Structure formats: structure tokens, C-alpha cells
Amino acid sequence: MAQYILRRLLYSIPLLILISIIVFFLISLAPGGPMSAFEENPNLTPEDIVRLEEEFGLNQPIYVRYWKWASRIIVGDWGYSNVTHQPVLQEIAHRLPNTLQLMLVAFLITLLIAIPIGLYSALHQYSLFDHIATFFAFVGQAIPIFWFGLILIIIFNVWLNNPISPHHGFAWSHFTDCADCKPLLPGGGMAPYGVDDPTLWQRIKHMILPVTMLAMFGMGTYTRYMRGQTLEVIYQDYIRTARSKGLPERLVVMRHAFKNALAPVVTIIALDLPGLFGGALFTETIFSWPGMGRLFYRSAQRGDYPLLMGIVMINAVLIIAFNLLADLSYAYLDPRIRYD
Amino acid sequence: MATTTTPISAAEALPHKQRTLRSLAWQQFRHHQMAMVGSVILGLLIFGTIFVSFLSPYSPTDSSLRERREPPSITHPMGTDTLGRDLMTRIFYGGRISLTIGLAATILGVTIGVIIGSVAGYYGGKTDEVLMRMTDLFLSLPRIFMLIIMAMLLREVEIPILKANGNMGGIILILGLLSWTSVARLVRGQFLSLKEKEFVESARTIGASHSRIIFKHILPNTATPIIVAATLLVARNIISESGLSFLGFGVQPPTPTWGNMLNAAQDEMRKGNWWMAFFPGLMIFLTVISINYIGDGLRDALDPRKVK
């Protein structure tokens, strides 16, 4: 097993190098690029710009620049943000835990809802429940999650108020019409404005809407996939054998069907991970959640190239790490697969 | 049947209705209720986007300061925006752009995917290895992050065909460049199994060239899964375009798309003007769910094992 992990880690190195080359070349195509901030500075003469370019090594050919950048990355020097002038790694390290927190909670909720529904749907194929669940899975797959987030804000932040009063509980106008009304749920941030040390309840309240939005990502896909995989499994001979030897239905389902159906679902989920990071980007942008996705969005708006590079690289590393994790759990779920 | 020895009359040989594969598939498709509903909704939407200039009394760009931020009413069924423009009219004009981008990016993506997939699957060996590693690489790139970086570059490029209609051409290009991977894998898999079949062997024996075997003999046999995958890809590209435009990196105003209308509605919605965000998103949702159901119906209809 250890050998397999090592081999996979070694295999991921060329992948990371290739990703970094692609992104580095793309970003250096950007006109202006790292010098655009200086070019707008009226105190600098064109000669100064040329001198600075030489100082930064920007007049060198691109492969030389890539080599220098890559060799600094390896020793942990990821450069400085163009805008805040903070080290890139530090900026990312501040936000990464927030993103992971959001993603992890949302992901667990998705699984806790999608997998049982998919399983139950398949075990009661063509029942009313199955039809309704399949329909909602289609709906979930088609809902653009950024729109879903906006709808959540309209309903739970703009329309519904706390305390719910007969006059303002469901008003078509803004909540400020009612003096003692506050929005039912906060529509942005991780804590109330100006509060440095929020209580647990405040934290949870701020998480409800963003987590709901992000949990929508993959909900439909995983439900349908779990249903499909269970249907594949329950007509297999070993299920019939298990039933015929008198095993209680609950054990047939849990011990034989569920585990075997789950294995391929894990693969799909792992393949979806880059998408989940994308979903987090939308969620963080809409809900002003101070995470990596929002940092990326702001950096893209400001043309902060060192940060953009850093975030893409961290993302690639995380995606590869999660994929490895998925492969290992696959081996756990499917005993036919042994990595040695 | 060809094996029967009893002669059959001309009337028996030609039934009233030719039961071609295509008509069988159509029959199958018609029985998929949701696919039919989806086709009707999508049909109406396309009809609306084509004929909106005849159907709507309003202009998509002329503002009317007296009618700003009006909620839905008889005269403005979906309300008006911050400049007093009729939202429904803008939604159908926006649909033109969104649907065109979804379709064009898919055509580009499928073309690239078919070429890469068929070359990899047909030639195998080193070629296959290199092309599939490249596909893996594209799959592990965080998609929306790459879209944003490419869209940033696009804003600086000065190529008229990419710049027209608020960067529409450029968005098609970058979506196409990032949406070929699934098709490439699919086509490769098909080629791997088909190239061992007798009909390919016989084509090779009579001296057909590689390109003839690829395009005339194998590729037509992979059409079914490609059609289904392409249908679903259109939906995916529509979501990607609207997401990118929602973030402000896609099609630029004043050219309306569903995505950039949502972007403009973000602040308004927090003030309670829900319709500006609700209707453009509803359109994306309706389009995508219709296309997904059509894809589902096509999959059932074109699957030869399912024909009754």
C-alpha cells in the first residue's frame, strides 16, 4: 500500500509541473502583466520601467523566467501579491481553512442526503418516491448553483424576517420596512459585521445559506448515480444468494448491495472535485465568504497574477491529493482491488 | 426474414410504414414524456429568441427612465430592470446569445474531442498514451479557474472576430477549448472496441486508407453516444457561459446574456427587486433541464438494446 501511494505521488509530480507550465505561460501572455501597475505610476519614467523590468528579470525569455519561478516555488517562495504586497502563501493560508470548512460541511450534507435517497429509490424502483426523487435529481442537476444562491438570499435574507410578524413575515418589500425586523438568516460573511469573536451559534447561522448553496452542487448527480449503481448491483447473483440463504433484507442491502454500489460512486465524486472548487468560488463570491475562491475572483478582477498562479497551484495539489484519497477508499470498498 | 424459404408477396415486403431505424428511434423518443416536454419548452424558447423582434413591442437596449425597477405586470410580464428596459424582451435577446454560445462551443469541443479521441483510439500505443495523459491533465485543471484566467487574457486581445458582441466569439473559443475531454474519452473507447471488428478488418484488406477507415467506417458507428454526449455538453456550456458572465468575465454588457443579467441583478435583489435575478436564472434552468431530458430521451431512443 505504502508503495502504491509513493508511486502515485511520484506520478503526480509531472502532472503538477505540466499544470504550472500551462498556467505560467497563459498568465505571461497577459499584456502588461506584472508591470502594468508600474506603467500607470506617473512618477516612473520609461527608463525606470526598463530598469525595473531588468531588475525583475522580465526581459528574459519565458523559459528562463519559468525556471526561476519554479525553483523559487519549490523552496516555498511564492512571491508577493501585486495589490496587498503580502506573501502569496500567507494570503492563501489565511483563506484556505475557510474554504475547506465550507466545502467539507457542504460535501458531507450532500452525501448524507444523496446516497440514502439514491439507495432507497433503487430499492423501490418505479414507486412514487422513486419518481419524485428522480425528478428532483434532474432539477438539482439543472439548477445553476449561483442562481440557487441568489434565490436563497431573496427568500431567507430579504423576504423572511425574524421575528416573523403577520405584516412583515412574507413581504414583497425590503425588511427595513419593519423597524424591529431582522433578516431570518445572514446573507454574507462568516460572522456579524464588526464581530471578531463570534459565538458558535453566530458561526452556524452564517454557514447555513452558503452551505445549502454549495450542497446543491452534485446533489442531483450523486443521487442519480447512486440509484443507477444500486440497480446494477441488486440483480447480481450474490444478492440472490444472500437472500436465499435467509439473510434479513436489511443485511442484504447494507452488507452486500450498499457497499458494492458505493465504490463506483466514490470515483465519480472524486472526478467531480475540481467542479466542487468551482462551486465554492461562486458560493464565496455571492456570500462574501473569505475563502480561496473569493480571493481568486478578487485577484482576477485586479490582475493580481502572483496570487492567481498560487491559487491555481494549490488547487491542483488539493485535487490530486483528494483523487489519491478517493482511490484508497475505493480499495477499501472493493476488496477485488489491491494496490501493491 | 432472409432465411425463410416461402416467397413473400410485394405487399408483405413493403409494409405501410417503412420501419427504418430512425422511425423506430423516433417512436421510442416519443414515449419518453419528459423528453417530449423538454423538446416543446426548448422549441418555444428558440422560437422566442428568433422572433423576439417581431413579438415584443420593446427594444432590448432603449431605456425608459419612468419605468425603472417595475415588478412584473401585464405590460411587463417579467418586470423592468434598473434602466427601465423590459426584462422579458432582454431575456429573449439574451437567449439568442446564450444558446448560440452553448451550441457553438459544443460544436468546437466535439470536433476537437472526436479528432483527439479517434486518433488516440485508432492508432493506440505511444500516440494514445500521450493524448490520454493530455486529457487527464485537462480534467485535473480546475475548470472555472482556467475559464477565468483565459477570459482575462481575452479581454486584452484585439481580434475583431473574438471581440464582436461583447466578446462572444472569444467565450465560444475558450469554452470549446475546455470542453472536449469527455468526448475524447468516449470516442477513444468506441474506437478501441470497433477497430477490432470484422468490417474494419475487411476495409483494411481491400486497401482503404487510415483516414477512410477512421471517417467512413468507424466514426459513423460512434455517432449515437456522441450525439447524446454532445446534447448534454450544450447544457453544460450554457451553464459555464452564464457562470462566467455572472462573475463579469463572460459576455460584456450591453450585449445581454442570462449570465450578465444575473450579474447586474445581484445588488438589486438584496433590495427586494427579486424579478431581475429570478427570471434570467429560471431561463437557464428551464433550458438546461429541457436539454438534459432530451439527452436522456435520445439515450433511450438510440440505444439499440432498448428497441421493443
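Any residue that is facing chain B (nearest Cβ under 10 Å) and surrounded by fewer than 23 Cβ atoms within 10 Å (Cβ to Cβ) - is there at least one of those in segment A:278-299? Yes, that holds for at least one residue. Residues being among the β-branched types (Val, Ile, Thr) and more than 10 Å from chain B (Cβ to nearest Cβ) are entirely absent from segment A:318-325.
Results for (1) basic (Lys, Arg); (2) on the phi > 0 side of the Ramachandran plot, shown as yes or no for each residue.
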| site | (1), (2) |
| --- | --- |
| A:Pro186 | no, no |
| A:Gly189 | no, yes |
| A:Gln202 | no, no |
| A:His206 | no, no |
| A:Glu232 | no, no |
| A:Arg250 | yes, no |
| A:Phe258 | no, no |
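Kindly indicate whether any position in segment B:269-289 is out of contact with any Asp or Glu (no Cβ under 8 Å at 6 or more places or on another chain), surrounded by fewer than 17 Cβ atoms within 10 Å (Cβ to Cβ), away from chain A (no Cβ under 14 Å) and assigned to a helix (DSSP H, G or I). No, because not a single residue in segment B:269-289 is out of contact with any Asp or Glu (no Cβ under 8 Å at 6 or more places or on another chain), surrounded by fewer than 17 Cβ atoms within 10 Å (Cβ to Cβ), away from chain A (no Cβ under 14 Å) and assigned to a helix (DSSP H, G or I).
This table checks each residue for (1) surrounded by fewer than 19 Cβ atoms within 10 Å (Cβ to Cβ); (2) over 18 Å from A:Ala133 (Cα atoms); (3) at pLDDT 85 or above.
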site: A:Met213; (1), (2), (3): no, yes, yes
site: A:Phe217; (1), (2), (3): no, no, yes
site: A:Gly220; (1), (2), (3): no, no, yes
site: A:Met226; (1), (2), (3): no, no, yes
site: A:Leu231; (1), (2), (3): yes, no, yes
site: A:Asp237; (1), (2), (3): yes, yes, yes
site: A:Ala242; (1), (2), (3): no, yes, yes
site: A:Ala257; (1), (2), (3): no, yes, yes
site: A:Leu276; (1), (2), (3): no, yes, yes
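Within segment A:229-287, being in contact with a helix residue (DSSP H, G or I) (Cβ under 7 Å, 6 or more places away or on another chain) and small (Gly, Ala, Ser) holds for A:Ala242, A:Ala257, A:Ala261, A:Ala263, A:Ala270, A:Gly275, A:Gly278, A:Gly279, A:Ala280.
Okay, residues lined up against (1) within 14 Å of chain A (Cβ to nearest Cβ); (2) among the aromatic types (Phe, Trp, Tyr); (3) surrounded by fewer than 14 Cβ atoms within 10 Å (Cβ to Cβ):
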| position | (1), (2), (3) |
| --- | --- |
| B:Thr181 | yes, no, no |
| B:Lys195 | no, no, no |
| B:Pro220 | no, no, yes |
| B:Thr231 | yes, no, no |
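Does A:Gly310 qualify as being over 24 Å from A:Tyr66 (Cα atoms) and crowded, with 24+ Cβ neighbours inside 10 Å? Explain how you work it out, then say what you get.
Values: over 24 Å from A:Tyr66 (Cα atoms): no; crowded, with 24+ Cβ neighbours inside 10 Å: yes.
Judged against the criteria, A:Gly310 is not a match.
Across segment B:233-262, which residue is nearest to A:Arg294 (Cα to Cα) among those that are within 12 Å of chain A (Cβ to nearest Cβ) and of a type in the set (A, V, I, L, M)? Per the criteria, the residue is B:Leu247.
Out of B:Val119, B:Val130, I need the residue that is more than 22 Å from the chain's Cα centre (by Cα), within 13 Å of another protein chain (Cβ to nearest Cβ) and closer than 24 Å to B:Leu192 by Cα. Which one? First the steps, then the outcome.
Numbers: B:Val119 fails: within 13 Å of another protein chain (Cβ to nearest Cβ).
Result: B:Val130 is the single residue among B:Val119, B:Val130 that is more than 22 Å from the chain's Cα centre (by Cα), within 13 Å of another protein chain (Cβ to nearest Cβ) and closer than 24 Å to B:Leu192 by Cα.
The values are calculated or read from the model by the stated rules, or taken from the named source; none is laboratory data. Predicted model, so just to flag it, every value in this text is computed and none were measured. Cβ: placed from backbone, ideal geometry, glycine included. Neighbour counts: every protein chain shown.
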